[in-house]
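The values are calculated or read from the model by the stated rules, or taken from the named source; none is laboratory data. These numbers come from a predicted model, not from an experiment. In this analysis, Cβ positions are derived from the backbone assuming ideal geometry, glycine residues included, and neighbour counts consider all displayed protein chains. What goes into the accessible areas is simple: the full protein's heavy atoms, side chains included, and nothing from ligands, DNA or RNA. Shrake-Rupley method; radii C 1.70, N 1.55, O 1.52, S 1.80 Å.
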Amino acid sequence: MIKKLKDYDFTLMITPILLAGFGIVMIYSASMVVAVVEGYESTHYLVKQVQWFALSFIGFAFCSLFNYKYYQKLMKLVMLIVIGLLVGVLLFGNEVNNAKSWFNFGFGSLQPAEFAKLGLIMYLASIYSKKQSYINDFNRGVLPPLVLTGIVLGLIVMQPDIGSAAIIFLIACSVIFSSGIRFKHLSILIFIGLVVVAIAIPSMVTDERIARFTGAYQPFETPDSDGYHLIQSYLAIGVGGLTGEGLGHSVQKLGYLQEAHTDFIMAVIAEELGFVGVIIVIGMLAMLVLRGIFIARKCEDSFGALLAIGISSMVGIQAFINLGAISGLLPITGVPLPFVSYGGSSLLVMMISMGILNNIAKSVKKRERQPVAVNAKDMPEKMASNNRGGKSWLV
């Protein structure tokens, strides 16, 4: 058992579990008052997140053991499920805040867009790894996978869920860029993307979305409406200082900072644990991203490398957008902080992704430990005899 465990990447095993465990603690701290106000027990959101964590841990363990190469054989089924869920949520989803983004099953909710992120990463990694021999051919090697990518993005925009669509678009860009396409073709894709965005902007601009930009970049001009959330986030971050007010002692979570246990949980962390707590969380998230990129560089299998890049990008991009929203760098889009924010779908997808990444790391470690055939004639005599009491291992 110990020998088998050595094949796994302990950074990718321990860090996600620590982040999710820390998130459970902070969710309880941030949500206990809100839960009571809503008519639930103070532990309502805590219990739900623990249940999702248990399910997520099972998914994490299974995907750590399951050979990632088999996902290529399952791609048609994976994408069929993803498209089916995205179409289904438009037809039968629960409408919240003028958006149909969730399935409500009574015992919990499911957000298909979260699963679309991982599904599209797997699809793009699979297709572009198979096209490496003719990746320089734009029509055959680059363009075909973008059709399905556009369909997925279109279905998510129709919900509408612009935050998830933006994340998926950026993740797709990172995988496509890493696939080895020519700079000329990359320039064409960027131009096409800009044209599509320019065409779509007039139909996407609404008073609510304009208000989000106003609230992000001019919050003090509308402190009682559009800028209210960001101002409360600033207050939480400013009060926390270096070491914070102490765990459980946040004031902003007492009805001032809405969505304190979801989108704005980092503001509560800043208030209760200070700059130190924030840096620890960001450092752990950065560790996962950098470790994933390192594994991608070491992986000789193009599918595994692109899959690792996509998963790392998903964690990094989502964390950046969430942190940008609470700090006023970006408009508020309702994107949760990976592993830490309340939300079962997000946690489940993130833990499964870490399991897949861990399996890729295991494959890389096993390959590196395999003995390499060396011709003894090419080795200096004293190097070949520096073992077994002077007798070469190569004999």
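Some points to look at:
- Taking the longest Cα principal axis of the chain as reference, the axis of helix 265-298 is set at about 30 degrees.
- Note on ASN104 and LEU80: the model spin-label points, each 7 Å out from Cα along the C-beta direction, lie 3.1 nm apart.
- The stretch 36-69: chymotrypsin sites (Phe, Trp or Tyr not before Pro) in DSSP coil with no more than 14 other Cβ atoms inside 10 Å: PHE66
- Cα extents of the stretch 61-153 along the three principal axes, largest first (Å): 48, 34, 17
- Paramagnetic label zone (point 7 Å from Cα along Cα-to-C-beta, SER327; backbone N under 19 Å) in the stretch 209-240: 213, 215-220, 229-240
- The long axis of helix 183-204 is offset from the longest Cα principal axis of the chain by roughly 20 degrees.
- For the chain, the longest principal axis of the alpha carbon atoms and the long axis of helix 344-369 meet at an angle near 10°.
- With only Cα atoms counted, the stretch 270-340 has Rg and Dmax values of 14.1, 44 Å.
- For the chain, carbon and sulfur atoms together expose 67% of the accessible surface, with a 1.4 angstrom probe and every protein chain in place.
- The order of ILE279, ILE127 by accessible area, most exposed first and with a 1.4 Å probe, is ILE279, ILE127.
- For LEU257, net neighbour charge (Lys/Arg +1, Asp/Glu -1) across residues whose Cβ lies under 13 Å away: -3
- Net charge of the neighbourhood of GLU272, taken over other residues with C-beta under 10 Å away and scored Lys/Arg +1, Asp/Glu -1, is -1.
- Taking only the Cα atoms of the stretch 22-72, the radius of gyration and Dmax are 15.8, 48 Å.
- TYR40 versus ASN94: modelled label distance in nm, points set 7 Å from Cα along the beta carbon direction: 1.0 nm
- Solvent accessible area, Å² - LEU77, 1.4 Å probe, full protein context: 100 Å²
- Note on the chain: Kirkwood hydrodynamic radius from all Cα pairs is 22.9 Å, rounded to one decimal.
- At R0 = 22 Å, FRET efficiency that the Cβ-Cβ distance of LEU235 and ILE279 yields, to 0.05: 0.65
- Charged neighbours of TYR228, selected by a Cβ distance under 13 Å, balance to -3 (K, R count +1; D, E count -1).
- Per residue accessible area in Å² of the chain, where ligands, DNA and RNA are left out and the probe is 1.4 Å: 51 Å²
- Given R0 = 35 Å, the distance between the Cβ atoms of LYS184 and ALA211 translates into a calculated FRET efficiency of 0.30.
- Over all pairs of different C-alpha atoms, the stretch 1-156 has a mean inverse distance whose reciprocal, the Kirkwood radius, equals 18.8 Å.
- Between GLN51 and LEU290, the modelled label-to-label distance comes to 3.9 nm, taking each label 7 Å out from Cα in the direction of the beta carbon.
- Here the stretch 239-283 and the stretch 24-62 have alpha carbon centers that stand 17 Å from each other.
- Hz values of 3J(HN,Hα) by residue in the stretch 45-61 - Karplus curve (6.51, -1.76, 1.60), Gly and Pro given as x: 6, 4, 4, 5, 5, 5, 5, 5, 5, 4, 5, 5, 5, 4, x, 4, 5
- Sorted from longest to shortest, the spans of the Cα atoms of the stretch 75-231 along the three principal axes equal 57, 39, 25 Å.
- Sites GLN132 and LEU247 - FRET efficiency at Förster radius 35 Å, r taken between beta-carbons, to 0.05: 0.10
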